[in-house]
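Notes for the one structure printed next.
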Amino acid sequence: MTVKTDKEILEQALARFATEAREKFLAGIREHNPDGSRGLARMTLEQKIQSCKEEVIDLWFYLNAMEEKCRE
């Protein structure tokens, strides 16, 4: 097993993020804004903050589920 350097980890993570983030964002557009009448540019600051809060809540539950799995 070869141990990757921090730079290799960085480059791999960034490349993966570029691909996966693009696809996830496009899927969100198809689901939530297919006709272009809504979207980030049209959201108020308050709506963006609320969306961020909702994402953090989801993340909390994902992390808790993973933590429980690690304890098993």
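The values are calculated or read from the model by the stated rules, or taken from the named source; none is laboratory data. Please read all numbers here as calculations on a predicted model, not as lab measurements. Methodologically, a virtual Cβ is constructed for each residue, glycine included, from the backbone with ideal geometry; neighbour enumeration extends over all protein chains shown. For accessibility, only protein heavy atoms count, side chains too; no ligands or nucleic acids. Shrake-Rupley method; radii C 1.70, N 1.55, O 1.52, S 1.80 Å.
What the table shows:
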read-out	value
Selection within region 30-54 - touching a helix residue (DSSP H, G or I) at 6+ places or on another chain (Cβ under 8 Å) and small (Gly, Ala, Ser)	Gly39
Residue that is free of Cβ contacts under 8 Å to residues at least 60 places away in the same chain, surrounded by 10 or more Cβ atoms within 10 Å (Cβ to Cβ) and not in a loop (DSSP other than H, G, I, E, B), where the choices are Ala27, Ala41	Ala27
Subset of region 44-72 (residues that are open to solvent by 80 Å² or more (accessible area, probe 1.4 Å) and assigned to a loop (DSSP other than H, G, I, E, B))	Glu72
Residue, least open to solvent (accessible area, probe 1.4 Å), within region 2-24, restricted to residues that are of a type in the set (A, V, I, L, M, F, W, C) and assigned to a helix (DSSP H, G or I)	Ala21
